[in-house]
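> Let me begin by handing over the structure; questions about it come next.
The values are calculated or read from the model by the stated rules, or taken from the named source; none is laboratory data. Please read these numbers as outputs of a predicted model, since none were measured by experiment. Heads up, the Cβs are rebuilt from the backbone with ideal geometry, glycines too, and the neighbour counts pull from every protein chain shown. The area values use the complete protein model at the heavy-atom level, side chains included, leaving out ligands, DNA and RNA. Shrake-Rupley method; radii C 1.70, N 1.55, O 1.52, S 1.80 Å.
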Amino acid sequence: MDNSSGVGVLDKAALVLSALESGPATLAGLVAATGLARPTAHRLAVALEHHRLVGRDMQGRFVLGPRLSELASAAGEDRLLATAGPVLARLRDITGESAQLFRRQGEYRVCVAAAERPSGLRDTVPVGSQLTMAAGSAAQILLAWEDPERMHRGLHSSTFNAAALAGVRRRGWAHSVGEREQGVASVSAPVRSPSGKVIAAVSVSGPIERLSRQPGRMHAPAVMAAAERLSEALRRASE
């Protein structure tokens, strides 16, 4: 299939953005993924960075930039965020715990939506918070279905291992007890795009005293149901 639009520079810019869809890339990685000459790939990536369509992570690698999310929201295409509010509120009400939606951004996971427990002891994660990908049930979800190379890199400094992620894939959910923060437990499940790719993690979190040291036993079914509702909303929107 011919993907050429007839406007060469736009076609090449689209190649760069598509290459970054799978995660951060060095200049050498962009060259390998796009087939562009090194000077061309560098020139395009820097130009896209100027317009915030491309950014850099902490290691200086190229990543998709914040302007893409802004454009998607403005166009009303971010069905996930549009649907997340009611689903998270329902999950909070069912479990009695704070609920969050996380997306991966480079080496971090970002809370993009939340429904907080209204009173009492709770785990508050404000929208926009950047949390580690090295600990926590949402980090496990966002890493468990990655390609092997990216998963291996993510496991290098994590509190969990490959066997734990294999268990996550088998069960379809993850839980953590005191991984990210002492005294806090959480349960998470994957949200999938219409193509089946894991694009976000739905979580509930709260004090271990309420969630226990086996929080999945209490809340995995509700968290998985919430994640499936969001995945289904994305499938319907794509039809």
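> In terms of modelled amide H atoms, which long-range or inter-chain residues lie less than 5 Å from the amide H of residue 172?
none
> Another question about this same structure. Mind pulling the per residue volume of the convex hull built on the Cα atoms of the chain? Å³ is fine.
Taking the convex hull of the Cα positions in the chain, it is 138 Å³ per residue.
> Please give the per residue accessible area of the stretch 8-74, computed with a probe of 1.4 Å over protein heavy atoms only, in Å².
That works out to 56 Å² for each residue.
> Whose amide H sits under 5 Å from the amide H of residue 200, counting only residues 5 or more places off or on another chain, with H placed in the peptide plane?
191
> Add -39500 (n - 2.57) for each DSSP H run of 4 or more in the chain, then divide by its residues: what number comes out at 222 nm, to the nearest 500 deg cm²/dmol? Write out the running numbers ahead of the final one.
Details: 10 runs with 114 residues, N = 239.
Here the helix-only value at 222 nm equals -14500 deg cm²/dmol.
> Tell me the per residue accessible area of the stretch 77-238 using a 1.4 Å probe; a whole number in Å² is fine.
About 46 Å² of surface per residue is accessible.
> With Kirkwood's inverse mean 1/r over C-alpha pairs for Rh, give me the Rg to Rh ratio of the stretch 8-74, two decimals please. Display every interim value, and only then the final one.
Details: Rg = 11.0 Å, Rh = 11.7 Å.
On the Cα set of the stretch 8-74, Rg over Rh gives 0.94.
> So, one more: Tally up the carbon and sulfur contribution to the accessible surface of the stretch 77-238 as a whole percent, 1.4 Å probe, everything protein left in place.
Carbon and sulfur atoms account for 51 percent of the accessible area of the stretch 77-238.
> Of the peptides 160-168, 19-27, 105-113, how do they stack up when ordered by the mean number of other Cβ atoms within 10 Å, highest first?
Order by mean packing, descending: 105-113, 19-27, 160-168.
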